[in-house]
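**Q** Got a structure here, written out as structure tokens. Questions coming.
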Amino acid sequence: MKFNIDKKCLYILRKLETAGFQAYIIGGCVRDMIMGRQVNDFDITTNALPKQIIDVFSDERVIPTGIKHGTVTVIHENEPLEITTFRVDGEYSDSRRPDSIEFTSSLKEDCARRDFTMNAVAVDSNGNIFDYFNGIQDIENHIIRCVGEPARRFAEDALRILRAVRFSSVLGFEIESCTAESALKLRKRLDFVSAERIRSELLKLICGINSVDVMLKYREIIGQIIPEMNVCFDFKQYSPYHKYDVYEHIVHAIDNIQIGMPDTKILRTALLFHDIGKPQTFRLDKNGRGHFKGHAGVSTEIAEKIMHRLKFDNKTIDTVCTLIAMHSDTFNFGGDNRKNMPLNEIKHMISKIGSDNFFLILKLKKADNSAKNDFVLDENNEIDRIAETAHKLVAENCCMSLSQLVVNGNDLKSIGFSGRAIGECLAVLLDMVIDEKLENNYDQLINYAKEMIK
């Protein structure tokens, strides 16, 4: 097995070896190299103590990143490379971090503290492999298996529970039975993990190639980190439009967003929460048909609370909530209300939420429809037509925003408007232009405004 180690990383390894120390790349970078995946970050481990590492690289910039835990960062050719001393972890009283650590001279002992066998393979500068726990075999067999006793590994750091399902989603690996059993059994320990770490793993999980299988098979773990999702499990919709229960629909809708596109993460996040409020709004009519009137608004409120709790940034929260709020009740041109969306309605929608969000909603609607019964897919043809029209409007710089109006607040001030009346007048003028009752022409708009002020 041949390893093409990055030149900067190879320099670090050989400099430590020249100084008389052992040094290896280890962890996810080795796993990805074995799998033929692109490697962006290299983790380096050594028997050199932190002070010795600093001495070896005295001619480089060195940052004591986590020196308490044996990690220093060497800046070589403007690239940071983390180097960590072999260590053995003490007890984990908080299910997050070791109470203490002890440096060791044994690579095997260092490997034994790691989470999964696939992440416990080490390679030296000459390509020699050190695989004490059959990690390569598990990689080749597409198996995620804890190093040692799963219950102990998960008790040490509960995030490993979520990492296991995230790896299964991203890599398409199966979780070994004992590892899976322990992950499910100990999932409540995820309550001790920071929101930021939960959010990071969750986003990777829902963007994985195997997200459907993982989210269905390990839904209890999803429910542990998003308790609001539990009520969606097995919640039947009793609707001719739906072939899945609420949670299954959510999962399959997520899967309809292509992986690797610039908007993948934002759309999959919005779809994760887009129907989470359905159980709260469910009503069964006399014909036995289910209705969820107002579920978009309720889902938006729930999503906003969850995303704040998980420390999403404000821009992401605003975008996701906009998409959820308008995906159904407000933005409805299908189902019982099937109709062609008029041109001015398209323009008003773009004016209200912006062209970027408008095109995102169209993609979300198509993914949502594609997780319903087959006949609903006919609506996607209308969505494609709307998208084509909208792209043309944007390309032609059609006036759909206040910034595109040829008059502004100062123009209105000059003819007697003041205070809130300026904004109200501009909004009216924009609506008139969008509805093609006025041209975006200075004289026309000013004359109309003069009539308004009378």
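The values are calculated or read from the model by the stated rules, or taken from the named source; none is laboratory data. From a predicted model like this one, the values you see are computed outputs, not experimental measurements. We place every Cβ from the backbone using ideal geometry, glycine too, and count neighbours over all the protein chains shown. Protein only, heavy atoms only, side chains kept; ligands, DNA and RNA dropped before computing areas. Shrake-Rupley method; radii C 1.70, N 1.55, O 1.52, S 1.80 Å.
**Q** Determine whether Thr65 is modelled with pLDDT of 95 or more, part of a strand (DSSP E or B), out of contact with any Lys or Arg (no Cβ under 7 Å at 6 or more places or on another chain) and not basic (Lys, Arg).
**A** When the stated conditions are applied, Thr65 does not pass them.
**Q** Just checking, does region 77-87 include any residue being buried (at least 18 other Cβ atoms within 10 Å of the Cβ) and either over 17 Å from Ile26 (Cβ atoms) or modelled with pLDDT under 80 (or both)?
**A** No: region 77-87 contains no residue that is buried (at least 18 other Cβ atoms within 10 Å of the Cβ) and either over 17 Å from Ile26 (Cβ atoms) or modelled with pLDDT under 80 (or both).
**Q** What are the residues in region 50-61 that are surrounded by fewer than 19 Cβ atoms within 10 Å (Cβ to Cβ) and within 20 Å of Ser125 (Cβ to Cβ), if any?
**A** Gln52, Asp55, Asp59, Glu60
**Q** For Glu388, indicate whether it is closer than 25 Å to Asp435 by Cβ and not polar (S, T, N, Q).
**A** So Glu388 passes the test.
**Q** Can you list the helices (runs of 4 or more DSSP H) found entirely within region 95-195 that contain at least 3 residues being surrounded by 16 or more Cβ atoms within 10 Å (Cβ to Cβ) and over 28 Å from the mean Cα position of the chain (by Cα)?
**A** 107-112
**Q** Among residues belonging to region 18-35 that are open to solvent by 60 Å² or more (accessible area, probe 1.4 Å) and touching a residue at least 24 places away in the same chain (Cβ under 8 Å), point out the one that is nearest to the chain's Cα centre (by Cα).
**A** So, considering only residues that are open to solvent by 60 Å² or more (accessible area, probe 1.4 Å) and touching a residue at least 24 places away in the same chain (Cβ under 8 Å), the one nearest to the chain's Cα centre (by Cα) is Met35.
**Q** Among (1) in a strand (DSSP E or B); (2) touching a residue at least 24 places away in the same chain (Cβ under 8 Å), which single condition is Met1 missing?
**A** Every condition holds for Met1 apart from (1).
**Q** Taking interchain pairs and intrachain pairs at least six residues apart, which have beta carbon atoms under 6 angstrom, with the first residue in region 276-288 and over 15 Å from Asp245 (Cβ atoms) and the second basic (Lys, Arg) and assigned to a strand (DSSP E or B)?
**A** Taking only residues 6 or more apart or on different chains, not a single pair turns up.
**Q** I need every pair where a residue in region 36-63 that is free of Cβ contacts under 8 Å to residues at least 60 places away in the same chain has its Cβ under 8 Å from the Cβ of a residue that is among the small types (Gly, Ala, Ser) and surrounded by 20 or more Cβ atoms within 10 Å (Cβ to Cβ), sequence separation at least 6 or different chains.
**A** Between residues of region 36-63 that are free of Cβ contacts under 8 Å to residues at least 60 places away in the same chain and residues that are among the small types (Gly, Ala, Ser) and surrounded by 20 or more Cβ atoms within 10 Å (Cβ to Cβ), the close pairs are Asp43/Gly27; Ile44/Ala23; Thr46/Ala23; Ala48/Ala23; Leu49/Gly70; Pro50/Gly70; Val56/Ala48.
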